[in-house]
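Take a look at the structure below.
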Amino acid sequence: MKEITEKIRLIFRDPQLKRKTLFTLFIFLVFRIFAFLPIPAIDLPRLKELFGQNQFLSLLDIFSGGTLINFSVMALGLNPYINASIIIQLLTAIIPQLEQLSKEGEYGRHKINQYTRFLTVPLTVVQAVGIFVLLKNQKIIGTLSPIEFFSFIFTMLAGTFILVWFGELISEFGLGNGISLLIFAGIVGRIPVVFGKTLAVVNQELIFNIIIFVLLSVVVIGSIVFVNEAVRRIPVYYAKRIRGNRVYQGASNYLPLKLNQAGVIPIIFAVSFVLFPQLLGNFLQYVKNPVIAKSAAFLIKVFNPSGFFYNFFYFILVIGFTYFYTVVVFNPQKISDEVQKHGGFIPGIRPGVATKQYLEKILYRITSVGAIFLGVIAILPAIVSKITNMQDLVIGGTGILIVVSVILETFKVIEAQLVMKSYDKFIK
């Protein structure tokens, strides 16, 4: 506790870090204000009643930060932008032109961000129309004129892009990854509501269930921290070098390979994908065609958040996205070339191709452990809820995973800033 207090004191003593922290908190405040600005023509009491009866919509609301249950101007949250990011990253691995663009530094990142925003527009419109049809079939929204309908769609589109803009502002002027921090802020904003529901259920259960709930929370948080901080160190030795008239002594270092290279991104991607079948089913279940309506009902039943197939699919997606994102962020070929260029080598491993293959083998092994861990933690609350009959744990599991991971990443950013500011102390 004393160490945390000291860190907070150091943050507010440094002008730049203080400015970044206050700016991030200000964006959080504006975001929470927008979360309570409802779109007109919505029957909010009827909407909240629908959310209370539908576990899927309640889960979707958690990741929108409460903007969906209030049906605010940001009701769709960052979901369309995240889906667009997934599609662009998958296309980058397939299309050579996009892959080349991703290697062109700041310019390439800027162009890929532009393509992501362009793709976000049609995805947002499709999701907004789907939500409108769902609300109309549930008699939560009345018949709208063409102008009112387009205003409804445009408002939701504008809300999503304002949220994306907030995320980019935080990334540029605040602390850490803006998109992750906004998702974190939304989940934290809903924690009191979810905790209240869970507590109400716990009060009606046996003492045994209360003990399981407390132990599960401690174990999950502790495990996430441990895995996020776990690192496999690969030793690297550098030979003595002669440049001009100077002789550089040999040195040793290590490559830190994290057990969880991808961080919280695979969870966010997996949630976006696993919620899509339910969203599609809710959109199509009122279609007059009996075959389509029957298929939609099947989708809703199979992808029930407390069902087996939903959690199995979620587990596989988390593992798949962990591997995919690890390959994107860590390039063994590039690392091998850099080590060889600077005269380095891994003991017992030849430079070049052998080093690349060795790094790949180590990376796949540790990624397998990290991916399975993330998958198990993601579905663990669903398993425990079946045992203890505490259904709200299904909603809380992934939220805890994202919250803890984002807190750890943000603290690392703050720590790096503090180290940079006090670097002169290390060279005296």
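The values are calculated or read from the model by the stated rules, or taken from the named source; none is laboratory data. What you are looking at is a predicted structure, and each value in this text was computed from that prediction instead of being measured. Virtual Cβ from ideal backbone geometry, glycine too; neighbours counted across all protein chains shown. Areas reflect the complete protein model, heavy atoms only, side chains present, ligands, DNA and RNA absent. Shrake-Rupley method; radii C 1.70, N 1.55, O 1.52, S 1.80 Å.
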Worksheet entry | Amide H contacts of residue 236 (H built 1.01 Å from N, under 5 Å, at least 5 apart or other chain) | 253, 254, 255
Practice prompt. Using a 1.4 Å probe and ignoring any ligands, DNA or RNA, find the accessible area of residue 92 and quote it in Å² to the nearest 10.
Written response: 20
Item to complete: May I ask you to rank 109, 13, 190 by accessible area, largest first, using a 1.4 Å probe over the protein chains only?
Response: 13, 109, 190
Worksheet entry | residue 18/residue 225 FRET efficiency (R0 22 Å; Cβ-Cβ; nearest 0.05) | 0.25
Worksheet, complete the sentence: Interchain or sequence-distant (5+) residues whose placed amide H lies within less than 5 Å of the amide H of residue 231 are 259
Worksheet entry | Nearest-0.05 FRET efficiency for residue 169 and residue 145, computed from C-beta distance (R0 51 Å) | 0.90
Discussion item. Residues of segment 166-193 with the amide nitrogen closer than 19 Å to a label point 7 Å from the Cα of residue 114, along Cα-to-Cβ, please.
Written reply: 168-169
Worksheet entry | 126, 274, ranked by accessible area, largest first (probe 1.4 Å) | 126, 274
Worksheet, complete the sentence: Length gained, residue 362-residue 254, 0.36 nm per residue minus C-alpha separation, equals 37.5 nm
Worksheet item: Using 1/(1 + (r/R0)^6) with R0 = 35 angstrom and r between the beta carbons of residue 215 and residue 37, what's the FRET efficiency to the nearest 0.05?
Response: 0.30
Item to complete: Enumerate the calculated ³J(HN,Hα) couplings along segment 290-304 in order (Karplus 6.51 cos²θ - 1.76 cosθ + 1.60, θ = phi - 60°), each rounded to whole Hz, writing x wherever the residue is Gly or Pro.
Response: x, 5, 5, 4, 5, 5, 5, 4, 5, 4, 4, 5, 5, 9, 5
Worksheet, complete the sentence: For residue 258 the rounded accessible area (nearest 10 Å², probe 1.4 Å, non-protein molecules ignored) is 60
Practice prompt. Quick one: what are the phi-derived ³J(HN,Hα) couplings along segment 333-349, Karplus 6.51/-1.76/1.60 with θ = phi - 60°, whole Hz, x for glycine and proline?
Written response: 4, 5, 4, 4, 5, 5, 4, 5, 4, 8, x, x, 7, 8, x, x, 10
Response to the item:
Karplus-derived 3J(HN,Hα) from phi for segment 20-30 (6.51 cos²θ - 1.76 cosθ + 1.60, θ = phi - 60°), whole Hz, x at Gly and Pro, runs 5, 5, 5, 5, 4, 5, 5, 5, 4, 4, 5
